[in-house]
Amino acid sequence: MLDLARLRALHAVSVHGSVAAAAAALGYTPSAVSQQITKLERETRTTLLERRGRGVALTEEARHLAATAQELLAIVERAETTLEERRGRPSGRLTVAAFASAARGLLPAVLADLARRHPALDVRLSEVDPHLSVDLVARGVTDLAVAHDWDIAPLPAPEGVEQALIGEDRCDLLVPEDHPFARWDLVRREDLGGQRWICQPPGRVCHDWLMRTLRTAGYEPEVVHTAEENHTIVALVAAGLGVSVIPRLGTGGLPPGVVAVPVEPAPVRRLYALWRTGAARRPAITETVCTLRSHWPPAPDGTPG
């Protein structure tokens, strides 16, 4: 009899590409995942992982077994959904993946609310890139994802995955307090030329939006600093090193020396909750989605707005 926990570990390695990443997704240590795989190799009398440089790769037999594991995990999910539905209350473990600013600015209040009202529900959060998280839901690695899209980068929901809108996150222009725009009531897109810009690196949606918007308005953006984290961008603006356009969820409380000015027309990104169709009846899913909506928009300190 194959052990389901060991199959789950193998499936996670196949999805995430490494033992360390699988361990992070499952909430285990890399050593624990390796032990599960070793025991599964003994049970099946099959080599499942091969060393490749500093990492590992699945053997052909492991890939076939991981595909079977995905089918078994889907069956287990349906059984758990039926039991939870019959109990009529959220319970069991629910894994949630969220992008960085949602994990920081929205999820803490949501998770605390769920823990207070539903003590039988065990929610586990992982911070994941929004476009990767959708695939994790589709593959059955994560129960629910909080992701976002922009008008220039729609969020595709693959077959078998449902989604619900949580809310719209408007973007503001952040400027140093001594910048001329700091005294404006709003800034139009055609006024944005000639600025020194701070933004995320090329390939990120915020960067692509800035390039497209300013070029459409007839300006070639001068990007002087790039940073992955919004808090780093805000700190650079506070130091007087440039201006930036950032979604409100990504800024939190602004530090002294930074002023947020509305942009017209405002850039907007939409936040979605996504889950597998097979789990749509699960009370944990429906209650978590409702709680996400009830906490939108969040206040700068992360409490409900």
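The values are calculated or read from the model by the stated rules, or taken from the named source; none is laboratory data. Since the structure is predicted, the reported quantities are computational estimates derived from the model, not experimental observations. Heads up, the Cβs are rebuilt from the backbone with ideal geometry, glycines too, and the neighbour counts pull from every protein chain shown. When the accessible area is computed, the model is the full protein with side chains, heavy atoms only, and any ligands, DNA or RNA have been set aside. Shrake-Rupley method; radii C 1.70, N 1.55, O 1.52, S 1.80 Å.
If only residues of segment 135-148 that are of a type outside the set (Lys, Arg) and open to solvent by 10 Å² or more (accessible area, probe 1.4 Å) are counted, the one that is farthest from Asn230 (Cα to Cα) is Gly140. The residue list Arg170, Arg215 contains one member that is basic (Lys, Arg), assigned to a helix (DSSP H, G or I) and open to solvent by 80 Å² or more (accessible area, probe 1.4 Å), which is Arg215.
Of all the numbered requirements in (1) among the polar types (S, T, N, Q); (2) open to solvent by less than 20 Å² (accessible area, probe 1.4 Å); (3) modelled with pLDDT of 90 or more, Gln163 misses one, and that requirement is (2). Picking from Ala266, Ala182, Ala235, which residue would you name as being free of Cβ contacts under 8 Å to residues at least 40 places away in the same chain and either at negative phi or crowded, with 20+ Cβ neighbours inside 10 Å (or both)? Being free of Cβ contacts under 8 Å to residues at least 40 places away in the same chain and either at negative phi or crowded, with 20+ Cβ neighbours inside 10 Å (or both) holds for just one of Ala266, Ala182, Ala235, which is Ala235.
Every listed requirement among (1) over 23 Å from the mean Cα position of the chain (by Cα); (2) of a type outside the set (Phe, Trp, Tyr); (3) open to solvent by 80 Å² or more (accessible area, probe 1.4 Å); (4) farther than 20 Å from Val33 by Cα is met by Asp151 save one, (1). Show the residue pairs meeting these rules: Cβ distance below 8 Å; 6+ apart or different chains; first residue within segment 88-116 and free of Cβ contacts under 8 Å to residues at least 24 places away in the same chain and of a type outside the set (S, T, N, Q); second residue outside any helix (DSSP H, G or I) and open to solvent by 10 Å² or more (accessible area, probe 1.4 Å). Qualifying pairs under 8 Å: Leu111/Val123; Leu111/Leu125; Ala115/Leu121; Ala115/Val123. Listed conditions (1) touching a helix residue (DSSP H, G or I) at 6+ places or on another chain (Cβ under 7 Å); (2) without any contact (Cβ under 8 Å) to a residue 40 or more places away in the chain; (3) closer than 16 Å to Ala284 by Cβ; (4) not basic (Lys, Arg) are all met by Thr29, apart from (3). Examine segment 244-267 for a residue that is of a type in the set (D, E, K, R), within 20 Å of Gly105 (Cβ to Cβ) and at pLDDT below 95, and state whether such a residue exists. Checked segment 244-267: at least one residue is of a type in the set (D, E, K, R), within 20 Å of Gly105 (Cβ to Cβ) and at pLDDT below 95.
Here Gly302 passes the criteria (1) at pLDDT below 90; (2) closer than 18 Å to Cys206 by Cβ; (3) open to solvent by less than 30 Å² (accessible area, probe 1.4 Å); (4) not aliphatic (A, V, I, L, M) except the one numbered (2).
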